[in-house]
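Trainee: So that we are looking at the same thing, I have put the structure below in structure tokens.
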Amino acid sequence: MPRQRICLGMRLLWFAMPLLLTACRSTSDWRKQADQKAQSLLQAGQQSVTGKTEPIRVETPAETLRRRLLLDQNLQYLAPASLGIRDLPDTQRWQGSKHLLSEQSAPGTEWNSKEPLQFSIIQALQVAAANSREFQAQKDRLFSAALTLDLEADDFRNTFSGMLQESMGTSGNGDSRLTGSNSSGVAGITRKFKNGLEFSSAISVNLVKMLTGDHASFWGVLGDASISVPLLRGAGEFIVQEPLRQAERNLLYAVREFEQYKKDFAYNIVQSYLNTLQAAQKVRNQAENYKRVVASTRRSRRMANAGRLPEYQFDQAVQDELRARDSWIAACQSNANSLDSFKILVGLPTDAQIVLQEQELANLAQDLQGLTTGKPPVDYSGEIPPADAEVILSEPDDSNAGKYEIQEVKAIAIAFRERLDLQTLSDRVADAQRKVLIAEDALRAELTLGGSAAVGQRRSYSN
């Protein structure tokens with residue numbers, strides 16, 4: 001009998017091993033496992049959409065350029081949350097060491113943030129990717145789509161369950177009353193298959209030990225299994241796998257949306273960068289014009305004092321100076337607004353000291369040279385017709401097209417092939433068609449074939 005009990009206990013331990021391993025995992029371990037699975041799903045989606053993979057990092061770094069600027073340049077901020085989530089003080093319900101992963105640093109923190117930072121266009125894109133809240137929110141949505149897919153796939157995995165229970169009770173009455181303890185353990189497994197079949201099995205072992213009478217003890221073992229198969233409504237892989245299939249497609253759509261967003265985001269960064277440089281150039285132009293107008297007003301005053309200029313013309317010169325000053329102030333305000341908008345777009349504080357490289361405008365002007373070819377639309381270098389001659393307008397054509405210009409038909413064909421949002425809209429038509437079939441299946445009658453089997457028995461105080 002002892003040997004049989006040992007063998008029985010070993011079998012139960014082997015059956016319950018997955019439960020024990022699961023129970024020993026911490027919440028951080030579960031999170032790491034979910035992140036790894038999500039990264040794997042994301043890489044598969046990226047490979048399908050772009051033919052390449054890249055890591056999607058959603059964990060907040062320990063050190064960011066934004067944080068260093070706030071501290072090193074002694075900028076104003078509202079609360080520790082402005083610096084980053086890792087600067088939040090620990091409370092009764094929040095401990096950074098428990099709820100956050102290992103500390104990491106973001107790209108760009110190697111710069112000397114105590115001095116004004118000089119950004120090229122490429123560096124501005126790198127800073128925006130690491131510090132922009134909007135860009136981070138897009139990555140979070142993409143990662144959430146991968147986690148949702150993993151959650152839907154969990155419905156078709158093995159699910160283990162277990163329970164340990166200890167109870168005391170009595171049976172009978174009078175002199176025949178028996179008192180004892182009942183120790184029981186249950187371990188089970190359930191599995192749903194992609195054709196709709198559901199299987200569940202469990203084994204329970206209990207030990208009844210009498211506390212009165214002859215103090216005997218009894219072992220009880222009960223194993224049971226059940227199976228159910230839908231035959232009408234909800235039957236078949238097409239119906240059962242629809243939530244998983246839609247989650248897979250949603251992840252694909254999210255990857256496409258993120259890739260399209262990255263292009264738009266990069267375009268907006270470059271456009272804001274160049275607009276800020278143009279605004280700064282306009283300030284310089286208005287400043288030079290203001291200086292010329294001031295010098296002209298001074299000459300007008302001297303000429304008026306000498307009697308060589310009427311006084312009203314000097315007053316007009318003063319008005320011109322005031323208008324020039326107003327234009328210069330407006331240009332300065334526009335430049336400040338453009339710079340603030342750029343800082344917000346890349347995720348930096350608006351009062352941070354940064355400098356954009358003016359050489360980027362010169363590089364752009366050099367790149368734009370030679371974009372047009374052929375005869376220019378306006379040319380007065382040859383013989384000039386009389387002023388009263390009939391003017392014949394030249395219809396615009398592609399004779400002066402540059403190397404980056406393409407025909408309209410070709411441009412539309414490229415858009416149909418390359419625009420990821422158009423591909424998603426086309427795929428959503430198939431999603432809508434499937435939803436109609438799923439709704440049609442819900443109108444069918446429900447018929448489920450089920451069966452169960454059990455072997456052994458449990459022990460109680462009376463047997």
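Trainee: Which value, in Å² and to the nearest 10, is the accessible area of Asp35 when all protein chains are kept and the probe is 1.4 Å?
Mentor: About 40 Å², ignoring ligands and nucleic acids.
Trainee: How about segment 296-384: which trypsin sites (Lys or Arg not before Pro) there lie in a loop by DSSP and see at most 13 other Cβ atoms within 10 Å?
Mentor: Arg308
Trainee: Sort Ser226, Ser113 by accessible area with a 1.4 Å probe, largest first.
Mentor: Of Ser226, Ser113, the descending order of accessible area is Ser226, Ser113.
Trainee: Now for a different question. With every protein chain present, what is the per residue accessible area of the chain (1.4 Å probe, Å²)?
Mentor: 66
Trainee: For the chain, what is the Kirkwood estimate of the hydrodynamic radius, computed as the reciprocal of the mean inverse distance between distinct Cα atoms, to one decimal in Å?
Mentor: Kirkwood hydrodynamic radius for the chain: 31.3 Å.
Trainee: Follow-up. Would you please state the base-10 log of I(q)/I(0) at q = 0.23 1/Å for segment 43-163, with intensities from the Debye formula using one equal scatterer on every alpha carbon?
Mentor: Evaluating at q = 0.23 Å⁻¹ gives log10 I(q)/I(0) of -1.41.
Trainee: Once you order the gyration tensor axes a ≥ b ≥ c over the Cα atoms, which shape class does segment 213-274 get: rounded for a/c under 1.5, otherwise prolate or oblate by comparing a/b with b/c?
Mentor: Note, shape of segment 213-274 comes out oblate.
Trainee: Tilt of helix 359-368 relative to the longest C-alpha principal axis of the chain, in degrees (0 to 90, nearest 10)?
Mentor: So the inclination is approximately 80 degrees.
Trainee: Here's another thing I want to ask about it. Where does helix 242-305 land angle-wise versus the long Cα axis of the chain, in degrees 0 to 90, nearest 10?
Mentor: The angle comes out near 20 degrees.
Trainee: Something else about it: Quick one: pull the percent of accessible area on the chain belonging to carbon and sulfur, 1.4 Å probe, ligands and nucleic acids left out.
Mentor: Carbon and sulfur atoms account for 54 percent of the accessible area of the chain.
Trainee: When the scattering of segment 299-371 is computed by the Debye formula from its Cα atoms alone, each counted once and equally, what is log10 I(q)/I(0) at q = 0.16 Å⁻¹?
Mentor: For the requested q values the scattering log ratios are -0.76.
Trainee: Moving to a separate point now. Taking R0 as 22 Å, what FRET efficiency do you get between Asp35 and Gln95 from their Cβ-Cβ distance, rounded to the nearest 0.05?
Mentor: Between Asp35 and Gln95 the formula returns 0.70.
Trainee: Same structure again: Take each of the peptides 241-252, 50-61, average the number of other beta-carbon atoms within 10 Å over its residues, and list them starting from the highest.
Mentor: The most tightly packed comes first, giving 241-252, 50-61.
Trainee: Quick one: in segment 264-307, what % of C-alpha pairs are over 14 Å apart?
Mentor: Here the tail beyond 14 Å accounts for 67 percent of pairs.
Trainee: Among the DSSP beta bridges whose two residues both lie in the chain, what percent are antiparallel, rounded to the nearest 5?
Mentor: If we restrict to bridges inside the chain, about 90 percent are antiparallel.
Trainee: To the nearest 0.05, what FRET efficiency results for Glu390 and Ala330 with a Förster distance of 51 Å applied to their C-beta separation?
Mentor: 0.70
Trainee: Which links in Lys262/Lys343; Lys37/Lys114; Lys98/Lys262 stretch past 29 Å when you go from one Cα to the other?
Mentor: Lys37/Lys114; Lys98/Lys262
Trainee: Roughly what angle does helix 408-418 make with the longest principal axis of the chain, taking Cα atoms, 0 to 90 degrees, to the nearest 10?
Mentor: The angle comes out at about 30 degrees.
Trainee: In terms of Cα to Cα distance under 16 Å, which aspartates and glutamates are near enough to Lys435, apart from those fewer than 8 places away along the same chain?
Mentor: Within the straight-line limit of under 16 Å, Lys435 reaches these aspartates and glutamates: Glu237, Glu242, Glu248, Asp427.
Trainee: Then there's this: Would you kindly derive the ³J(HN,Hα) couplings of segment 306-311 from the backbone phi angles with the Karplus curve 6.51 cos²θ - 1.76 cosθ + 1.60 (θ = phi - 60°), listing them in order in whole Hz, with x for Gly and Pro?
Mentor: 3J(HN,Hα) across segment 306-311, in whole Hz: 7, x, 9, 9, x, 5.
Trainee: To the nearest 0.05, what FRET efficiency results for Gln76 and Val294 with a Förster distance of 51 Å applied to their C-beta separation?
Mentor: Between Gln76 and Val294 the formula returns 0.90.
Trainee: With contacts defined as alpha carbon pairs under 8 Å and 6 or more residues apart, what's the relative contact order of the chain in percent?
Mentor: Averaging sequence separation for qualifying contacts and normalising by length gives 20 percent for the chain.
The values are calculated or read from the model by the stated rules, or taken from the named source; none is laboratory data. Predicted model only: the values in this text are computed from it and were never measured. Using ideal geometry, Cβ is built from the backbone for each residue, glycine included, and neighbour counts are taken over all protein chains shown. In case anyone asks, the SASA skips ligands and DNA or RNA and just uses the protein heavy atoms, side chains included. Shrake-Rupley method; radii C 1.70, N 1.55, O 1.52, S 1.80 Å.
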